[in-house]
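The values are calculated or read from the model by the stated rules, or taken from the named source; none is laboratory data. Just so you know, these numbers come straight off a predicted model, no measurement behind them. Every residue, glycine as well, gets a Cβ built from its backbone with ideal geometry; the counts of neighbours run over all protein chains shown.
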């Protein structure tokens with residue numbers, strides 16, 4: 001079953017006056033890649049549905065803050081605690097908390113007062129909060145932490161430790177994280193059979209050279225590392241990797257004649273240092289090893305460190321293979337070639353034209369593959385396409401909206417940069433996320449037997465017995481998230497620039513559901529169905545093969561999409577892969593809530609088309625807008641009828657009786673898994 005709560009949020013009302021940025025960096029180092037650590041604004045606390053994904057909320061309350069959190073925010077925090085959430089309230093030596101967790105039903109839940117000895121005294125007037133521990137250092141220091149627990153298991157930690165002290169004294173941070181049940185340690189790593197007798201039944205199959213004999217620090221990076229330009233060996237121009245970044249609009253002046261083989265490109269979000277390895281005395285392996293060591297030893301949290309991108313350009317693939325212990329580029333390129341030939345779509349590659357996936361930038365640890373492309377206008381405008389940005393780990397991966405995408409070991413994540421001509425219909429760009437979802441399903445599960453499915457609009461799920469809390473042989477299929485898709489488009493110099501970002505769980509360990517686990521439960525299903533254990537072993541899964549298959553499938557669908565200038569010829573295959581055929585849902589944004597049945601997506605604007613559910617015996621669940629389970633997308637809605645050529649948006653509750661309802665993935669909370677379409681909090 002997928003881990004739902006994966007975000008650690010820090011709210012600091014006065015970030016420019018405090019040291020919460022140090023705490024943010026320290027928590028990222030401790031919790032990456034299993035939790036997404038980032039700050040949250042007051043507006044987001046008040047309006048966004050942060051609770052469902054939040055494992056722990058830090059609140060910084062400096063003494064200089066005159067205004068409280070406000071009733072609406074305090075009530076949401078109180079409800080979050082009631083439902084098992086975790087909160088760390090950092091008041092510092094001079095700060096104070098005055099009933100910040102009360103709501104209309106409680107006069108005072110927690111009162112915290114700082115007395116003359118700078119110690120915390122608290123009293124609890126509600127059975128919801130029970131003091132379980134109080135730890136004091138010397139009375140004069142004022143360093144006190146108090147932990148309280150709720151009846152539903154939520155933890156509230158009150159501390160006079162400042163953000164700076166927490167970031168500098170790691171044992172204090174670890175104690176608080178442990179109290180809030182936040183996992184810090186690395187997962188157990190696969191080991192060879194000769195060194196252990198431990199059962200590996202619940203562990204995914206792995207590529208032994210890449211995953212089983214590695215040092216722990218490779219699987220838990222703390223800083224971005226130099227990235228490597230990779231070009232398919234079929235492309236014979238040895239200087240192509242270097243030319244990508246040093247010619248045309250990306251040409252950068254030589255700043256120092258002594259470093260003629262190193263150029264610097266300044267862009268809006270990042271600074272790129274381009275290194276020509278062909279004339280460099282140090283090998284790619286040595287550069288990466290040095291960078292890993294520096295990252296481990298460095299305590300720097302400077303923004304400049306994160307914004308500097310080093311790109312290594314080699315003349316031959318063999319020159320960089322030893323520098324990439326977590327990605328086998330030679331195996332990937334061979335698989336890409338063979339898959340393309342098998343699908344009849346491999347074209348001859350040269351320095352001016354190549355297949356999707358032939359040219360890529362690989363990083364063992366990067367900030368975000370998506371941000372590097374769409375936040376740097378020079379790079380976005382000038383990089384030749386198709387261009388792939390691939391990472392083993394993302395330190396600040398992006399999901400939809402303000403969400404962050406986590407990248408635990410075994411997650412395949414990439415961003416693909418593509419061009420579209422000016423003449424391409426803008427209203428058809430929405431279908432690119434559907435095309436990407438279809439390519440992932442087709443590439444990873446060509447015959448559909450694994451149960452890789454599409455959750456509209458941009459998620460990939462597994463649907464099968466043996467996952468999501470179900471048991472093989474019981475006849476009940478479970479659902480669990482495998483990945484997600486993020487598509488950004490920009491109109492630049494007369495053409496569309498499209499970035500397709502994907503993150504897919506391939507080799508992840510439990511409890512995250514991965515492709516490898518789907519292969520294992522398929523073997524269990526075959527054994528149960530045939531009544532025999534002699535049905536073969538689970539297919540060995542690799543990151544390289546999975547990526548190649550996805551890209552070849554995407555290439556085929558993309559060509560069809562371009563030729564048709566639309567999605568019509570792909571619609572039937574898409575509907576055969578999604579989870580929602582005739583699914584009953586409830587639109588809670590109307591009064592009264594309206595029962596609907598999902599039918600298809602519209603071919604003009606890619607909206608989700610539903611019809612009113614007129615069955616008299618239909619029942620619909622009543623669920624809380626704030627605490628529904630499942631991973632939400634965003635959806636707005638419009639009423640439509642066949643005579644409305646332009647599908648004009650009408651008001652809900654206007655008394656109309658339309659023949660169907662169309663929904664778009666933007667604006668409201670959309671939980672298809674629980675059958676509810678809700679207004680965003």
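Figures for the structure shown
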item	result
Filter result (part of a loop (DSSP other than H, G, I, E, B) and at pLDDT 75 or above) within the range 65-109	70, 83, 84, 85
Close pairs (7 angstrom Cβ cut-off, 6 or more residues apart or separate chains): assigned by TED's automatic domain parsing to the domain that holds residue 231 and without any contact (Cβ under 8 Å) to a residue 12 or more places away in the chain in the range 310-332, buried (at least 19 other Cβ atoms within 10 Å of the Cβ) and not in a loop (DSSP other than H, G, I, E, B) anywhere	321/329
Total residues in the range 577-609, condition farther than 11 Å from residue 663 by Cβ and free of Cβ contacts under 8 Å to residues at least 60 places away in the same chain	8
Scope the range 459-496; condition more than 22 Å from the chain's Cα centre (by Cα), in a strand (DSSP E or B) and within 30 Å of residue 427 (Cα to Cα); matching residues	491, 492, 495, 496
Matching entry among 484, 443, 475, 503 (being more than 26 Å from residue 381 (Cα to Cα) and either out of contact with any helix residue (DSSP H, G or I) (no Cβ under 8 Å at 6 or more places or on another chain) or surrounded by fewer than 22 Cβ atoms within 10 Å (Cβ to Cβ) (or both))	475
Those strands (runs of 3 or more DSSP E) lying entirely in the range 253-359 with at least 2 residues within 30 Å of residue 419 (Cβ to Cβ) and at pLDDT 95 or above	308-313
Count of the range 556-597 residues which are surrounded by fewer than 13 Cβ atoms within 10 Å (Cβ to Cβ), closer than 22 Å to residue 447 by Cβ and at pLDDT below 95	1
Hey, residue 209 outside any loop (DSSP other than H, G, I, E, B) and either at positive phi or at pLDDT below 50 (or both) or not	yes
